[in-house]
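The values are calculated or read from the model by the stated rules, or taken from the named source; none is laboratory data. Please read all numbers here as calculations on a predicted model, not as lab measurements. In this analysis, Cβ positions are derived from the backbone assuming ideal geometry, glycine residues included, and neighbour counts consider all displayed protein chains. For accessibility, only protein heavy atoms count, side chains too; no ligands or nucleic acids. Shrake-Rupley method; radii C 1.70, N 1.55, O 1.52, S 1.80 Å.
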Amino acid sequence: MEYYSEKINKLIAELGMLPGIGTKSAQRLAFHILDMSDEQVERFTEAIKDAKKNVRHCRNCQCLTDRELCPICSNPSRNHKMIMVVESTRDLAAYEKIGKFNGVYHVLNGVISPMLGIGPADINLKELMQRLQQEDVEELVIATNSSVEGEATAMYISKLVKPAGIKVSRIASGIPVGGDLEYIDEVTLLRALDGRVEL
Ligand code: ZN
């Protein structure tokens, strides 16, 4: 990288910090950006700043949105008695893409992981318990990933919620262990949802 001048190197270094971007890709992106018109660069940087400034967590389901209440939570035609618990807004999007789930969501924003020092208080569990107390919920579908942490989190939530008399189910296996929901095809995802088992 010593072939490039300081400002180019700085841009390459910043781009290289993005997930999945190695040095070669970072270089390609940097030169692409330098080829862009001033207006394009302005639009691009504005989009980043605008998203960073205005995106927040939905006050109900904790997903990332630019409104106080996300479009799913504020949609009266969704079944608000059925809550699917997911790890991230990206997992929520994966289920929304197949368009077969008519309930609402709760985004944990992580999973319990003693190895990484992430306990129950570090994910959005308190918010989930609050919703269960305030809303008339019939079923909780736990759709955390099938990693060790995802399974442990599912069991933890199940033990916490079942005494309240709410039906708790877990999406079916068939999703490879350690599989990231976001990368699983829609058919597998739909089968996992349809074949969910009560905990
Ligand atoms: Zn919401």
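Side notes on the structure shown:
- The chain: projected area of the alpha-carbon convex hull, averaged over directions, in nm²: 14.1
- Difference of contour (0.36 nm per residue) and Cα-Cα distance, R67 to T45: 5.8 nm
- Inter-probe distance in nm under a simple model that places probes 7 Å from Cα toward Cβ, at K159 and A172: 2.8
- The magnitude of the dipole of the chain, with charges of +1 and -1 set on the Cβ of Lys/Arg and Asp/Glu and taken from the Cα centre, is near 440 debye.
- Which of C70, M17, N60, positive extreme of dipole for the chain (C-beta unit charges): N60
- Computed over protein heavy atoms with a 1.4 Å probe, the carbon and sulfur contribution to the accessible area of the chain reaches 54%.
- The chain, accessible area per residue, ligands and nucleic acids excluded (1.4 Å, Å²): 61
- A Förster distance of 22 Å, applied to the separation of the beta-carbon atoms of N102 and S147, puts the FRET efficiency at 0.25.
- Under 5 Å, built H, 5+ apart or other chain: amide partners of N60: C70
- Of all stretches in the chain that contain no trypsin sites (Lys or Arg not before Pro) in a DSSP loop with at most 15 other Cβ atoms within 10 Å, the longest one is 101-199.
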